[in-house]
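The structure appears right after this line, and notes come after that.
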Amino acid sequence: MERTLVILKPGTLQRGLVGEVISRFEKRGLKLVAMKMKQLDQDILDVHYAHLKDKPFFPWLCDGMMAAPVILCCWEGFEAVKVVRAMAGSTNARNAAPGTIRGDYALSAQENIVHTSDSVENAKVELDRFFSPEDYCEYPSPLNQYLYAPDEK
Ligand code: UDP
Ligand code: MG
């Protein structure tokens, strides 16, 4: 099974949407295998958002990500990276389709509720950035036979 990183951004915590957003992933059938709350700092954001460091909005983006703690989650499932990415919707929430997380809860290109890993390769790098091996919990998945066909692993 694939694993992907979701970060519930500071605005999600402040607006009381943590439960709503986590509930969406749970209801979809994804498995929560690690979760923690953390105050991010500039050093980790310089690495996490390195691909945006030359953008004019980079300082605002970092300020927004440090404005309150974030909730870090690792979700597991068959093709979880693309499934979660599609659930988040377009980066600019004003363009995000209704029914997606951003399309239902946000109006901004910056303040857009969640970070989601954009590829299997980046998911591995990002999960290692925020989680240690001991942060992951192993527990049975008794409903998997109702969520997946035998070849969907
Ligand atoms: N962002 C922004 N303005 C933009 C593009 C991105 O403020 O024009 C912010 C936004 O919070 C986004 C984050 O930078 O979630 C990372 O950008 P990326 O292109 O990786 O989008 P994502 O993968 O989050 O959809
Ligand atoms: Mg991204």
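Condition check: within 13 Å of ligand 2 (Cβ to nearest atom) and either touching a Ser or Thr at 6+ places or on another chain (Cβ under 9 Å) or outside any loop (DSSP other than H, G, I, E, B) (or both). Does Arg85 satisfy that?
Against the criterion (within 13 Å of ligand 2 (Cβ to nearest atom) and either touching a Ser or Thr at 6+ places or on another chain (Cβ under 9 Å) or outside any loop (DSSP other than H, G, I, E, B) (or both)), Arg85 qualifies.
Anything in region 95-117 that is part of a strand (DSSP E or B) and within 16 Å of ligand 2 (Cβ to nearest atom)? List them, or say none.
Scanning region 95-117 gives Thr100, Val114, His115, Thr116.
Among the numbered conditions (1) touching a Lys or Arg at 6+ places or on another chain (Cβ under 9 Å); (2) open to solvent by 10 Å² or more (accessible area, probe 1.4 Å); (3) of a type outside the set (Asp, Glu), tell me where Gly16 comes up short.
Of the numbered conditions (1) touching a Lys or Arg at 6+ places or on another chain (Cβ under 9 Å); (2) open to solvent by 10 Å² or more (accessible area, probe 1.4 Å); (3) of a type outside the set (Asp, Glu), the odd one out for Gly16 is (1).
Does region 118-132 contain at least one residue that is within 14 Å of ligand 1 (Cβ to nearest atom), assigned to a helix (DSSP H, G or I), open to solvent by less than 30 Å² (accessible area, probe 1.4 Å) and among the acidic types (Asp, Glu)?
Yes, region 118-132 contains at least one residue that is within 14 Å of ligand 1 (Cβ to nearest atom), assigned to a helix (DSSP H, G or I), open to solvent by less than 30 Å² (accessible area, probe 1.4 Å) and among the acidic types (Asp, Glu).
Take Phe78 and decide whether it is of a type in the set (Phe, Trp, Tyr) and open to solvent by 50 Å² or more (accessible area, probe 1.4 Å).
In short, yes.
Within region 31-39, is even one residue touching a strand residue (DSSP E or B) at 6+ places or on another chain (Cβ under 8 Å), in contact (Cβ under 8 Å) with a residue 40 or more places away in the chain and closer than 20 Å to Tyr105 by Cβ?
Yes, because at least one residue in region 31-39 is touching a strand residue (DSSP E or B) at 6+ places or on another chain (Cβ under 8 Å), in contact (Cβ under 8 Å) with a residue 40 or more places away in the chain and closer than 20 Å to Tyr105 by Cβ.
The values are calculated or read from the model by the stated rules, or taken from the named source; none is laboratory data. The structure presented is a predicted model; accordingly, all values stated were derived computationally and were not measured. Because the Cβ atoms are built from the backbone with ideal geometry, glycine has one as well, and the counts that use them run over all protein chains shown. The protein model used for the area step is the full one, side chains on, heavy atoms only, and it has no ligands, DNA or RNA in it. Shrake-Rupley method; radii C 1.70, N 1.55, O 1.52, S 1.80 Å.
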